[in-house]
Amino acid sequence: MTVRAFVPYPDKRLRTAADPVPAITETVRMIWDDMVETMDAMPGVGLAAPQIGIMMRLAVVDASDKRGQAVRMANPEVLHASVQFRKYEEASPNLPGVSAIIERPRAVTVRFLNEAGEIEDRDFVGLWATSVQHQIDHLNGKVYVDHLSPLRRKMLVAKSQKMTR
């Protein structure tokens, strides 16, 4: 397993929808392993493949109190979202040094291809739901700052880029 480097914002890969995964292969499993290792090294609660420059619809999420509970997903899609919303301070290693409060559905039901290559529907609540939605945004070419007003987004991006120079 390898800790991968993050693609810096505004790299065009962060604005491009990732390609569907036709099947779970050994290559996909190796990428997932690297993604979990990279997520744990951040430390973070989720990671999407485009964040490390891999344009495949792959994500990992682990919002557990103890690490080692990562859910590995290919082609995740939200089937249902709760009407209740939850605010959470989100950040991304692609935009280091900044964060913002984002409001998302408190719970979601997600369909994805799991490690066994089977279609699975799973409910996620709280931080798990926030992270899954954040990762699906990445897979669709969207970054958390896209949920902000244009002025707030511009300020955060400028601050992040200033910090990384």
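Observations, loosely collected:
- Positions within the range 63-77 being in contact (Cβ under 8 Å) with a residue 40 or more places away in the chain and within 20 Å of Gly44 (Cβ to Cβ), in sequence order: Ala63, Val71, Arg72, Met73, Ala74, Pro76
- Looking across the range 24-64, the residues that are in contact with a Leu (Cβ under 8 Å, 6 or more places away or on another chain) and assigned to a loop (DSSP other than H, G, I, E, B) come down to Ile24, Val45, Arg57, Ala63.
- Residues in the range 94-106 that are open to solvent by 40 Å² or more (accessible area, probe 1.4 Å) and touching a helix residue (DSSP H, G or I) at 6+ places or on another chain (Cβ under 7 Å): Pro96, Gly97, Arg106.
- Subset of the range 74-94 [under 13 Å from the mean Cα position of the chain (by Cα) and either among the β-branched types (Val, Ile, Thr) or outside any strand (DSSP E or B) (or both)]: Ser92, Pro93, Asn94
- Here the range 125-145 is the region considered, the condition is being among the small types (Gly, Ala, Ser) and assigned to a helix (DSSP H, G or I), and the residue that is farthest from the chain's Cα centre (by Cα) is Ala129.
- Test: Gly141 is touching a Ser or Thr at 6+ places or on another chain (Cβ under 6 Å) and either of a type in the set (S, T, N, Q) or within 23 Å of Thr27 (Cα to Cα) (or both): yes
- Exactly one residue out of Asp62, Asp34, Asp11 is surrounded by fewer than 18 Cβ atoms within 10 Å (Cβ to Cβ) and of a type in the set (Asp, Glu): that is Asp11.
The values are calculated or read from the model by the stated rules, or taken from the named source; none is laboratory data. Computed from a predicted model, the values in this text were never measured in an experiment. Reconstructed Cβ throughout: ideal geometry from the backbone, glycine too, with neighbour counts over all protein chains shown. Quick note on the areas: whole protein, heavy atoms, side chains included, nothing else; ligands and nucleic acids left out. Shrake-Rupley method; radii C 1.70, N 1.55, O 1.52, S 1.80 Å.
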